[in-house]
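Values in this text are rule-based calculations from the coordinates and carry no lab data. The structure displayed is predicted, hence computed values, not measured ones. Cβ sites come from the backbone with ideal geometry, for glycine too, and all protein chains shown count toward neighbours.
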Amino acid sequence: MSSELIVDIKNIVKKFQDFKAVDGVDLQIKKGEIYGLLGPNGAGKSTLIRMICGVLSPTAGSGRVYKYDISKDSELIKERIGYMSQKFSLYEDLTVMENLRFYTEIYMVPKNERKERIRETVNMAGLQGKENVLTKNLSGGWKQRLALGCTLIHNPEILILDEPTSAVDPVSRRIFWGIIYKLAKRGITILVTTHYMDEAESCDRVSFIFDGKIIGTGNPKKIIEEKNVKNLEEVFITFVEEIYGKKITDSFDELKFISGEH
Ligand SMILES: Nc1ncnc2c1ncn2[C@@H]1O[C@H](COP(=O)(O)OP(=O)(O)OP(=O)(O)O)[C@@H](O)[C@H]1O
Ligand SMILES: [Mg+2]
């Protein structure tokens, strides 16, 4: 991993009317890094991601992806990013191959490169043998890999995955993460959100988001050691306790406060 900064976000805010969904976030991601965003439902992860991808404009703050300004150069950013949104959509009535072909058109992959990009993507996402299967007949894990394939079709330098493995079985999740590692080894920078702590522990660095703010960042193994706890869930609780200056017991009311149901 080099030290080149690919994503550099400063004090970014997103307000929906009076509500601050993202409340002054700084975020730096290096080339080839696998960076995880963790936090309860409603913490602001997807909103932050959508601003980084240039699909949502920030209320305040600034940021760049490479040298491009997230507020002004969103088109240039979109060309370099592969964004798999939390609710990605595939064309169910198309085959795997037809979906991939369709995405080469959406991403305007030059015509003479399409065949080769599709071949590479099929290999990378492990879709060999499924090319002619109708998408609606694929199981959830295969659909996820096809969605990843469609996200990779224009050879992006940054991959942004919003809960890519929700509702996928443990074996398919492992396969999916195997692909993520391969991509990171090729120098692709990866930003991923997840609620699975085993996945989070596979990241080079993670940030915990709570109420629109980053409350802690670090290498998973190192922060578990530093906080002297068993796992990342406990690290998260420790960060919340530090911010709010009180111990959190597992009473229902306090858990509701963490899970965003307050
Ligand atoms: N377009 C919008 N208009 C109004 N409020 C919004 C909008 N988008 C998001 N929000 C609110 O902003 C907050 C953060 O939402 P966001 O989707 O970023 O959370 P999240 O961390 O991705 O949660 P999850 O883990 O459930 O995906 C939530 O309270 C949500 O209801
Ligand atoms: Mg989300």
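Which value at 222 nm does the chain reach when only helices count, each DSSP H run of 4 or more adding -39,500 (n - 2.57), with the total divided by all residues and rounded to the nearest 500 deg cm²/dmol? Display every interim value, and only then the final one.
Numbers: 10 runs with 99 residues, N = 262.
That comes out to -11000 deg cm²/dmol.
What do you get for trypsin sites (Lys or Arg not before Pro) in segment 177-213 restricted to DSSP loop and a cutoff of at most 11 other Cβ within 10 Å of the site's Cβ? Each step should come with its number before you reach the end.
Working: sites: K182, K185, R186, R205, K213; in loops: R186.
Answer in residue order: R186.
Could you list R145, R101 so that the one with the fewest beta carbons within 10 Å of its beta carbon is first and the one with the most is last?
Numbers: R145 23, R101 16.
Least crowded to most crowded, the residues run R101, R145.
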Positive-pole candidate from L127, G141, L38, dipole of segment 5-258, charges at beta carbon: L127
For segment 34-46, in residue order, the Karplus 3J(HN,Hα) values (coefficients 6.51, -1.76, 1.60; θ = phi - 60°; whole Hz; Gly and Pro = x) are 9, 10, x, 10, 10, x, x, 3, x, 5, x, 4, 5
Relative exposure of T135, T217, judged by other C-beta atoms within 10 Å (fewest first): T217, T135
Might you report the magnitude of the Cβ-based charge dipole of the chain about its Cα centre, with Lys and Arg at +1 and Asp and Glu at -1, to the nearest 20 debye? 740
For I214, enumerate residues with amide H under 5 Å from its amide H, sequence gap 5+ or separate chain, H modeled in the peptide plane. D26
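Provide E199, E225 in ascending order of the number of other Cβ atoms located within 10 Å of each residue's Cβ, fewest first. Don't skip to the answer; put the middle values down first.
Details: E199 24, E225 12.
Lowest to highest Cβ neighbour count: E225, E199.
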Along principal axes, Cα extents of the chain, largest first, whole Å: 59, 40, 37
